[in-house]
Amino acid sequence: MICNRPLTTAEMASSQRNYLLYNGVNGASYMCLGETVLILFAVKLHCSDTVVAILGGMIFFGFLLLPLGKIMTARVGAARSQADFWVMRNIAALVVAAAAPAALFLSPLLATVMLIGGAFLFYGFRAAGVVMGQPLVGEICEKNSSGKFVAKAWVYFYTSGVTAIAAIALCMKFNESVWMLFAIIISGTILGITSSTFMRKVHETGEIRKNAQRPLLREIPGLLRDKVVMRQLIAGMICNMSTVLLVPISMLSLKRGYGVADGTALFYSLVQFGSCIGISLILAKVADRFGGRKLTIAGFYANYAVIIIWLLLPVTFHPLLAVMPFVICPLCSVISSTALTQYFIHTVPPKDQVAASLLIAVGTGVFAGLPGMILSSLFLKWAAMCNSAGPAIMTYKYYFTGILFLLPLMSLAVHALYKEDKLPSKIQ
């Protein structure tokens, strides 16, 4: 809702409430449509590990459609644009759901194409919707409380998500058929479209739309020379790539490595999102105290703990020990998403935020998703060759061993972020 003037205190408070409600309903929707259900759906349709790896990378590769968000924002504003794309993304989820009847009645190949294509559109429309999310948050809250508000929004998202995952797990205990997953995805689309109604009520000044109307091609060369922007682009790309390499394969290790049932796998997903809530609650208290750079570095190093735990887990399934990687796994993604948003608001001038937000989002998405998919697929194939006759879980232990050797090189990018109080005085 565009006001074409500075927002009043009441409008900011109202916008924050609606933004939080949007996150709450969307969290439940996303759990019905997101990575865990998508991976279980792919396994149920007998897709290969390579297809699962591709699906895991789609969450970021879909950022290829992100420029559509700039075009839409220039016409209707950031909040309305996000609401419209949210409707489109949930319609795309119906294509994913349709892969089930396609596999059973038409062709498994067609089902795979629909699964990958639907996932690309689902994540692509999501990316287009949230492209102006950072500047929008910057308008509806004070700069010195941005970290706390972003963390609070994640609490709403993950709290409703955990509730949804618990309900899904309960449903799967009674019926683990592909049709139950089909029904869950349909339910998620209904919730997702409902969440868009709250986003339509968020106020904005009109500055974001005005900035989105500016030709970006003129600004890109300057931003590419801006070391502050480029370093956070590369750091974000590396954090996102680590998510592609670890999070979906952790669930795949549980499902195919240990051979657990769908309901059990969803329990571990519940643990993972419960951990997300705890992390977000902590961030709400400490984000503004420690700053974006320190938190981003801390989050990235949590990846080492995830890998080491997977390598130390026994070959036979131990329910309690298997919880550990799912408690720690969200640290990098949750901390980096909050910390880098906070870092962006503090380090990029408002006049550059639209162009910089678009550049960073496309760069951190496409250049994390595509290499992440390729690396994940290659390491999975290598791991399978290394484990020609051993227990299934050993394939994934080999995989995590390979990723462990990549992390030191990747960590250089997050350490390269400028300290917030020592930024270069001008674009260099």
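Is the shape of region 283-400 best called rounded, prolate or oblate, per the rule: a/c under 1.5 gives rounded, else a/b larger than b/c gives prolate, else oblate, with a ≥ b ≥ c the square roots of the Cα gyration tensor eigenvalues? Cα axes put region 283-400 in the oblate bin. The alpha-carbon of residue 397 sits under 17 angstrom from the alpha-carbons of these lysines, leaving out residues fewer than 8 places away in its chain: 255, 381.
For residue 148, which lysines qualify as cross-link partners when the Cα separation must be under 21 Å and same-chain residues fewer than eight apart are set aside? Qualifying lysines at Cα under 21 Å: 285, 294, 419. Residue ranges 177-187, 332-342 sort as 332-342, 177-187 when ordered by packing (mean number of other C-beta atoms within 10 Å per residue, highest first). Taking all Cα pairs closer than 8 Å and separated by 6 or more residues, the relative contact order of the chain comes to 27 percent. Counted by Cβ distance under 13 Å from residue 392, the other residues give a net charge of +2, where Lys and Arg count +1 and Asp and Glu count -1. Here the accessible area of region 231-326 is 72 percent carbon and sulfur, with a 1.4 angstrom probe and all protein chains present.
How would region 222-281 be classified by its alpha-carbon gyration tensor: rounded, prolate or oblate, with rounded meaning a/c under 1.5 and the a/b versus b/c comparison settling the rest? Can you show the working numbers first?
Numbers: a/c = 5.98, a/b = 2.27, b/c = 2.63.
Taking the square roots of the gyration eigenvalues as a ≥ b ≥ c, region 222-281 is oblate.
Exposure check, 1.4 Å probe, all protein chains in place: residue 15 carries approximately 0 Å² of accessible surface. Among 225, 89, the sequence by solvent-accessible area, most first, with a 1.4 Å probe is 225, 89. Per residue, the average separation of C-alpha pairs within less than 8 Å and at least 6 apart gives region 301-428 a relative contact order of 31 percent.
Rolling a 1.4 Å probe across the protein heavy atoms gives the chain an accessible surface of 39 Å² per residue.
Counting heavy atoms of the protein chains alone, residue 346 has an accessible area of about 80 Å² for a 1.4 Å probe. Of 237, 132, 385, the residue with the largest accessible area leads and the full order is 385, 237, 132 (1.4 Å probe). Here the sum of -39500 (n - 2.57) over DSSP H runs of 4 or more residues, divided by the residues of the chain, equals -26000 deg cm²/dmol at 222 nm, to the nearest 500. To put it simply, the accessible area of region 108-217 at a 1.4 Å probe is 70 percent carbon and sulfur. For the chain, the longest principal axis of the Cα atoms and the long axis of helix 49-61 meet at an angle of about 10 degrees. Put 21, 412, 331 in order of accessible area, highest first, and with a 1.4 Å probe you get 412, 21, 331.
Ligands, DNA and RNA aside, residue 398 has an accessible area near 80 Å² when probed at 1.4 Å. For the chain, the fraction of alpha-carbon pairs lying more than 32 Å apart is 33 percent, rounded to a whole number.
The values are calculated or read from the model by the stated rules, or taken from the named source; none is laboratory data. Given the structure is predicted, the values throughout are model-derived calculations rather than measurements. Counting neighbours? That spans all protein chains shown, and the Cβs are built from the backbone with ideal geometry, glycine included. For accessibility, only protein heavy atoms count, side chains too; no ligands or nucleic acids. Shrake-Rupley method; radii C 1.70, N 1.55, O 1.52, S 1.80 Å.
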